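Heads up: the structure comes next, in structure tokens.
What follows is calculated from the coordinates using simple rules that are stated; it is not laboratory data. Worth saying up front: this structure is predicted, and the values here are computed from it rather than measured. Every residue, glycine among them, receives a Cβ derived from its backbone with ideal geometry; neighbour counts consider all protein chains shown.
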């Protein structure tokens with residue numbers, strides 16, 4: 001097996017981070033494990049290299065800091081609220097036998113221990129209506145080549161990481177999209193999605209935590225779509241913004257145009273049908289009326305929140321790093 005350095009940026013050592021470290025150590029005791037908190041800690045993590053990043057810096061810069069000291073050929077990035085499943089490294093590392101592979105990403109699925117409100121967030125993200133073509137990021141899909149993948153579960157060849165100067169970004173979130181854009185464009189190598197290299201990723205609870213997260217994602221995606229060519233300009237990322245604009249403009253257009261009214265009502269009918277199909281899908285798996293209701297309402301609120309934030313990002317000249 002290739003040598004691997006597993007890098008986990010954190011604000012502070014918390015229960016999720018301890019869980020991640022404990023799971024990694026049990027599965028891969030011979031791998032280098034690096035944790036990068038904001039400040040020094042008195043807590044001892046056996047078998048772990050702790051590198052405080054003081055002063056506080058963004059997660060992308062923490063990963064760069066750890067990568068500078070890492071000994072592994074492969075850098076495996078995990079979020080502090082994610083932990084690997086069985087076979088995580090084994091399934092991912094086989095792809096690095098191909099010389100044209102720069103990185104491998106795998107899904108982050110909702111842990112069974114998450115509560116009802118966290119699971120509702122997970123179902124929103126895993127549903128086709130909630131995430132469109134990106135559902136493979138939240139539940140195992142089909143192996144494929146991708147040009148963008150979240151750093152909650154991303155393994156990168158260190159030589160390619162260094163070739164693009166790492167993340168080199170104060171953005172958060174969105175630093176991983178910017179990194180993947182550089183990795184593909186500047187190295188000419190590929191990123192592979194491997195469905196069996198999965199991790200368990202704790203969800204934000206609906207509604208507040210989940211919607212705040214989606215607002216940040218939408219803001220940065222919209223800004224990147226305006227500023228950078230490449231992966232952030234996929235039309236699918238703009239769909240929630242178009243949907244939100246349609247909700248506002250539709251009634252006005254319908255007032256002046258019968259065709260416009262037909263189109264507006266048809267889109268709404270399709271959307272409601274999609275919500276109904278999502279509700280049936282969630283009910284089949286959960287048999288929980290409250291959770292199903294949270295998913296239906298949360299899906300609509302996710303689209304509007306993300307859509308508004310995407311538009312804001314498109315109109316923002318520069319985001320704070």
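Here are the numbers for the structure shown:
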{"read-out": "Residue 287-residue 69 FRET efficiency (beta carbon distance; Förster radius 56 Å; 0.05 resolution)", "value": "0.70"}
{"read-out": "MRE, 222 nm, helices only [DSSP H, n ≥ 4, -39500 (n - 2.57), over the chain, to nearest 500]", "value": "-16500 deg cm²/dmol"}
{"read-out": "Order of 289, 243 under a 10 Å beta carbon neighbour criterion, fewest first", "value": "289, 243"}
{"read-out": "Cβ-Cβ FRET estimate between residue 56 and residue 256, R0 fixed at 56 Å, reported to 0.05", "value": "0.60"}
{"read-out": "Computed lengthening from residue 267 to residue 315, 0.36 nm per intervening residue step minus Cα-Cα distance", "value": "14.7 nm"}
{"read-out": "Helix axis angle, 258-286 relative to the chain longest principal axis, alpha carbon, degrees", "value": "50 degrees"}
{"read-out": "Relative packing of peptides 39-45, 148-154, 295-301 - highest average C-beta neighbours within 10 Å first", "value": "148-154, 295-301, 39-45"}
{"read-out": "Degrees separating the helix 116-126 axis from the principal Cα axis of the chain, which is the longest one", "value": "80 degrees"}
{"read-out": "Shape call, segment 113-160: gyration tensor on alpha carbons, a/c limit 1.5", "value": "oblate"}
{"read-out": "Residue list for segment 214-257, given a label point 7 angstrom along the Cα-to-Cβ vector of residue 165 and an amide N cut-off under 17 Å", "value": "228-229"}
{"read-out": "Likely footprinting exposure, 283, 172, fewest C-beta neighbours within 10 Å first", "value": "283, 172"}
{"read-out": "Mean-position separation - Cα centroids, segment 152-168 and segment 1-76, in angstrom", "value": "15 Å"}
{"read-out": "Tensor-based shape of segment 231-315 (alpha-carbon gyration tensor, a/c under 1.5 rounded, otherwise prolate or oblate)", "value": "oblate"}
{"read-out": "Relative contact order (%) - the chain, alpha-carbon pairs under 8 angstrom, separation at least six", "value": "20 percent"}
{"read-out": "Order of 119, 143, 204 - criterion: other Cβ atoms within 10 Å of each residue's Cβ, fewest first", "value": "143, 204, 119"}
{"read-out": "Folded to 0 to 90 degrees: helix 289-315 orientation relative to the chain principal axis, Cα", "value": "80 degrees"}
{"read-out": "Shape call, the chain: gyration tensor on alpha carbons, a/c limit 1.5", "value": "prolate"}
